[in-house]
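Okay, so here's the structure we're looking at.
The values are calculated or read from the model by the stated rules, or taken from the named source; none is laboratory data. Here the structure is a predicted model, which is why all the values come from computation and not from measurement. As a convention, Cβ positions derive from the backbone with ideal geometry for all residues, glycine included, and neighbour counts pool all protein chains shown.
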Amino acid sequence: MPQADTFQPHRPLGVKLSYFTHLIESLGGRQQLQNLTTADVCFTHVKPITSATRLSLVDHLLTNKHTAHFVAEANWYISHAWSYLFLETVDSLETFFALQKLSDEAVVWFCVFNNNQHFSNVRPFSFWSSTFQTELAAIGNVVMVMHPWNDPVVLRRSWCVFEVYVAIKVGACFEMTLAPAQKDLFLNDIVNLDTFIKMLGTIKSEESEATIASDRDGIFDLIRAEVSFENLDQMVFQTISGWVYSAVRAHIAEKSSEPLVQAAYWIALGRLYNSKHDITPAQTCFDTAHKIYLAHHGPHHEDTLAARSHALSSRTLPGMSRANLNALEADFLELLADERTHLGPNHELTETTHTNLAYVYFSSGNFQQAVSTFEDIYHQMMATESPHKDIMSLLNNIGTIYSMMHVYDKALPMQLKCLRMREERFGPNDPRTIQSVNNLGMLYKGMGHLDEAESRLTYAADYYKRVLGLQNDSTWNCLLNLANVYLQLGRLRDAKSLLDLIWPHIQRDAPKVHVIIGSVLFAQGILHWATTEHDMAAVYFEKSLLWRLHQLGPENAQTKMSADVSYIFAVDLEVQVEPAPSLLALYDGAATPWLALRCTACTALVPGDVHYCLECPRNAFFFCEACVAAARRVFVCSHGSALHKVSPPCAYAKPVPVDRNATATLYAVYLDKLESDALLIPVKPRRWHPML
């Protein structure tokens, strides 16, 4: 809605919305303007109309008592592209103001009408930038015409991008609109979630163009200096996303007499919410659709089963309890049996549900069962030549899990093949391609190829920040992964900058069971260890370990890694503190000397003493005895005499018998310590996973 009338600058003049109808009728009706662009209308009609006075059309209308009533102070600034069809632009504006119930009050600043077209070619950039900025700031409300909906031309024009920049700078209300035909196309397309996400990926204001190159340069200099392209794109994305959600809900309301159509759009809306990990409204949408399908089709119809499948998928969350995971697995197995019976084992929905079951195994930490399930699906698809097979997703999923299992010789060829196929089919800016880039970066990180990892994770992080924003956990995870690479490279300021960037958003937006909380606490411990702020490092390591013990349990790989590193930190040459009895208790009865620590060189679990370099950043690389003896570590660390050896916790002292129930007591103490700040970590002054 428009902002209140609190503007100090005098508003410029504009034309009432009704003038567009008057103009069209005076030119012979809509038929005479069919297929004419806004530029065509300017040069073939507006300039001739104003030729006698050589004024702007707005000023020209004021000279005639029969048309002066169309002019008033503008309250909406129109952002559009001159290449749009003029009638489509008019239809877009009429649709927007009708929905806002502002058709009678709307007075628009429309550049074709407001600017003097007889002198426009002699005005310098400074004139136009000042004019647009002053007028827009005074008006305070902007509506952008977005055509076509899935690749808007307006965001490929630098002057339109400049208008978004000004809207951000002055805090203007920013809205968007589509013509009815474009809205119909959107409603057809939005049923396919990938279409919408891909559309967001096409928006990159930094690649916009201007007819005059110097105009583009001037605009870009202003944006970089005062707003940033990332913030500009985020404003556009937020506006588009808000419009999409409201448009789908409005369409559902309009179809009250067609419940099956409503159900299809409830599914579409649920998938939109699910893509943002907004789980509660997603589940409500899926449940609503399921009830409709159940009432009209019965329990075994494809649509009913699909709604069940979507609802179960939305329940797969990071950090789920073992009980919830077991219940979810049982529900998936029941659904899968129903689909195999009523749709067949090779039906697309059956394969999708089977794939989603593999995600449950992944979320539970059962990587071996997850990868086995994905491989079964892959072999079944290849054997049956399924027409709807998504080989690329399977390659990505299998490669990702092998990467997390440290089976790099199997992971790398799959990830490279998947990335190549996605680049060829979808292009470099498609979200599926970016997912592969991100996962390949993580694979290279695990392999110790840090430069390769940084390159790919930086590329993916730029995309996620720009398209998804800092409220999305795909962005958090990618930036955290990049921060961890910086820690290994010794780029501590860069690592700190990223951790400081994402932590406030995680505190505010992440579910309290989200695994990234423990991961950021752990990374902060590494950072402060590397900067020799040992007191702070100890705080972070303790909080990370206790959080993971409570949320993930002692058998989780992340919990085990927190324990191993916490122990190594405690006995570090520069720290040398007594390891807590509760920490040592985790090793009581352990089958291996270290719980999760792996050698960087051979990737195997360290079987005994571990070595790390005192010149490299702390926690950057760990080596087993065999790789040190064979000099295999030189591929990642060339500091010959700087190794420090640490014996496993079992050699530190005899195991301390502590009741396993002590974990709950430890966590209760932890909560008491944090109650006042709700995980606000003191800093000294100065539903994501990679396969979805």
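Would you say L305 is in a helix (DSSP H, G or I) and farther than 30 Å from F237 by Cβ?
Working: in a helix (DSSP H, G or I): yes; farther than 30 Å from F237 by Cβ: yes.
Yes.
Mind telling me which of the residues F86, F20 ends up being touching a Ser or Thr at 6+ places or on another chain (Cβ under 7 Å) and either surrounded by 15 or more Cβ atoms within 10 Å (Cβ to Cβ) or modelled with pLDDT of 95 or more (or both)? Lay out the reasoning, then the answer.
On the way: F20 fails: touching a Ser or Thr at 6+ places or on another chain (Cβ under 7 Å).
Criteria check complete, one pass: F86.
Assess whether D194 counts as being more than 25 Å from the chain's Cα centre (by Cα) and part of a helix (DSSP H, G or I). Give the derivation first.
Working: more than 25 Å from the chain's Cα centre (by Cα): no; part of a helix (DSSP H, G or I): yes.
No.
Restricting the search to the range 59-75, which residues are of a type in the set (V, I, T) and under 20 Å from H10 (Cβ atoms)?
Taking the range 59-75 and keeping what is of a type in the set (V, I, T), we get 63, 67, 71.
Listed by number, the list holds a single entry, V71.
Working only within the range 161-182, note down all residues that are crowded, with 18+ Cβ neighbours inside 10 Å and either in contact with a Pro (Cβ under 7 Å, 6 or more places away or on another chain) or part of a helix (DSSP H, G or I) (or both).
V161, F162, E163, V164, Y165, V166, A167, I168, Q182
For the condition farther than 30 Å from W266 by Cα and at pLDDT 85 or above, what is the one hit in I219, I223, I139?
When all the criteria are applied, what remains is I139.
Yes or no: L487 of a type in the set (A, V, I, L, M), within 23 Å of F622 (Cβ to Cβ), surrounded by 21 or more Cβ atoms within 10 Å (Cβ to Cβ) and more than 20 Å from the chain's Cα centre (by Cα)?
yes
Limited to the range 586-600, what total is found for residues that are surrounded by fewer than 18 Cβ atoms within 10 Å (Cβ to Cβ) and of a type in the set (A, V, I, L, M)? Steps first, answer last, please.
Quick first cut of the range 586-600, residues surrounded by fewer than 18 Cβ atoms within 10 Å (Cβ to Cβ) only: 588-592, 596.
With of a type in the set (A, V, I, L, M) added as a condition, the list becomes 590-591, 596.
Total satisfying the criteria: 3.
Residues in the range 424-446: is at least one surrounded by 20 or more Cβ atoms within 10 Å (Cβ to Cβ), closer than 27 Å to L573 by Cα and modelled with pLDDT of 95 or more?
No.
Within the range 33-40, is even one residue touching a helix residue (DSSP H, G or I) at 6+ places or on another chain (Cβ under 8 Å), under 25 Å from F162 (Cβ atoms) and acidic (D, E)?
Narrowing the range 33-40 to residues touching a helix residue (DSSP H, G or I) at 6+ places or on another chain (Cβ under 8 Å): 33-34, 36-38, 40.
Imposing the further condition that a residue be under 25 Å from F162 (Cβ atoms) reduces the set to 37-38, 40.
Among the residues that remain, those that are also acidic (D, E) are: 40.
Yes, the range 33-40 has at least one match.
Out of L480, L470, report the one residue that is touching a His at 6+ places or on another chain (Cβ under 6 Å) and under 19 Å from H277 (Cα atoms).
Values: L480 fails: touching a His at 6+ places or on another chain (Cβ under 6 Å).
Matching residue, one of L480, L470: L470.
Report yes if Y612 is among the aromatic types (F, W, Y), touching a helix residue (DSSP H, G or I) at 6+ places or on another chain (Cβ under 9 Å), modelled with pLDDT under 95 and more than 24 Å from L482 (Cβ to Cβ), otherwise no.
On the way: among the aromatic types (F, W, Y): yes; touching a helix residue (DSSP H, G or I) at 6+ places or on another chain (Cβ under 9 Å): yes; modelled with pLDDT under 95: yes; more than 24 Å from L482 (Cβ to Cβ): no.
In short, no.
Exactly one condition in (1) under 19 Å from S275 (Cβ atoms); (2) buried (at least 16 other Cβ atoms within 10 Å of the Cβ); (3) in contact with a helix residue (DSSP H, G or I) (Cβ under 9 Å, 6 or more places away or on another chain) is false for R249; which is it?
R249 satisfies all of (1) under 19 Å from S275 (Cβ atoms); (2) buried (at least 16 other Cβ atoms within 10 Å of the Cβ); (3) in contact with a helix residue (DSSP H, G or I) (Cβ under 9 Å, 6 or more places away or on another chain) except (2).
Just need a number here: residues in the range 322-375 that are under 30 Å from T559 (Cα atoms), over 25 Å from the mean Cα position of the chain (by Cα) and hydroxyl-bearing (S, T, Y).
2
So, in the range 204-227, how many residues would count as being among the β-branched types (V, I, T), farther than 19 Å from W82 by Cβ and either in a helix (DSSP H, G or I) or outside the structural domain of A167 (by TED's automatic domain parsing) (or both)? So that I can check it myself, show each step before the final result.
We begin by selecting, within the range 204-227, every residue among the β-branched types (V, I, T); these are 211-212, 219, 223, 227.
Filter once more, keeping what is farther than 19 Å from W82 by Cβ: 223, 227.
Pick out the ones that are also either in a helix (DSSP H, G or I) or outside the structural domain of A167 (by TED's automatic domain parsing) (or both) and you get 223.
Total satisfying the criteria: 1.
I'd like to know if the range 444-454 contains one or more residues that are of a type in the set (A, V, I, L, M) and over 22 Å from W529 (Cβ atoms).
The first filter runs over the range 444-454 and keeps only residues of a type in the set (A, V, I, L, M), leaving 447, 450, 453.
Applying the additional criterion that residues be over 22 Å from W529 (Cβ atoms) yields 447.
Checked the range 444-454: at least one residue is of a type in the set (A, V, I, L, M) and over 22 Å from W529 (Cβ atoms).
If G553 passes every condition in (1) under 25 Å from the mean Cα position of the chain (by Cα); (2) on the phi > 0 side of the Ramachandran plot but one, which one does it miss?
Looking at each condition in turn, G553 falls short on (1).
Please state which of the following conditions A81 fails to meet, knowing it meets all the rest: (1) buried (at least 21 other Cβ atoms within 10 Å of the Cβ); (2) modelled with pLDDT of 95 or more.
Among (1) buried (at least 21 other Cβ atoms within 10 Å of the Cβ); (2) modelled with pLDDT of 95 or more, A81 violates only (2).
Consider R322 against the criteria (1) surrounded by 16 or more Cβ atoms within 10 Å (Cβ to Cβ); (2) at pLDDT below 90: it satisfies all of them except one. Which criterion is unmet?
Just one mismatch for R322, condition (1).
From the set of residues in the range 200-244 that are among the acidic types (D, E) and under 25 Å from D278 (Cβ atoms), which is surrounded by the fewest Cβ atoms within 10 Å (Cβ to Cβ)?
Of all residues in the range 200-244, those among the acidic types (D, E) come to 206-207, 209, 215, 217, 221, 226, 230, 233.
Still in the list and also under 25 Å from D278 (Cβ atoms): 230, 233.
Values: E230: 15, D233: 22.
In this case the residue turns out to be E230.
Collect the residues in the range 491-510 that are surrounded by 15 or more Cβ atoms within 10 Å (Cβ to Cβ) and more than 16 Å from L470 (Cβ to Cβ), keeping them in residue-number order.
Selection gives R491, L492, D494, A495, K496.
For every residue, the table says whether it meets (1) at pLDDT 95 or above; (2) farther than 30 Å from N366 by Cβ.
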site: Y463; (1), (2): no, yes
site: L470; (1), (2): no, yes
site: T475; (1), (2): no, no
site: L479; (1), (2): yes, no
site: V485; (1), (2): yes, no
site: Q488; (1), (2): no, no
site: A510; (1), (2): no, no
site: V513; (1), (2): no, no
site: H550; (1), (2): no, no
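Let me spell it out: the conditions are (1) in contact with a Cys (Cβ under 8 Å, 6 or more places away or on another chain); (2) not in a helix (DSSP H, G or I), and V154 meets all of them except one. Which number is the exception?
With (1) in contact with a Cys (Cβ under 8 Å, 6 or more places away or on another chain); (2) not in a helix (DSSP H, G or I) applied to V154, the lone miss is (2).
Just for the range 530-565: of the residues that are in contact with a Ser or Thr (Cβ under 8 Å, 6 or more places away or on another chain) and among the small types (G, A, S), which one is surrounded by the fewest Cβ atoms within 10 Å (Cβ to Cβ)? Outline the logic, then answer.
Going through the range 530-565, the residues in contact with a Ser or Thr (Cβ under 8 Å, 6 or more places away or on another chain) turn out to be 541-542, 544-545, 548-550, 552-554, 558, 562.
Next, only the ones that are among the small types (G, A, S) stay: 544, 553, 562.
Values: S544: 27, G553: 14, S562: 30.
My answer is G553.
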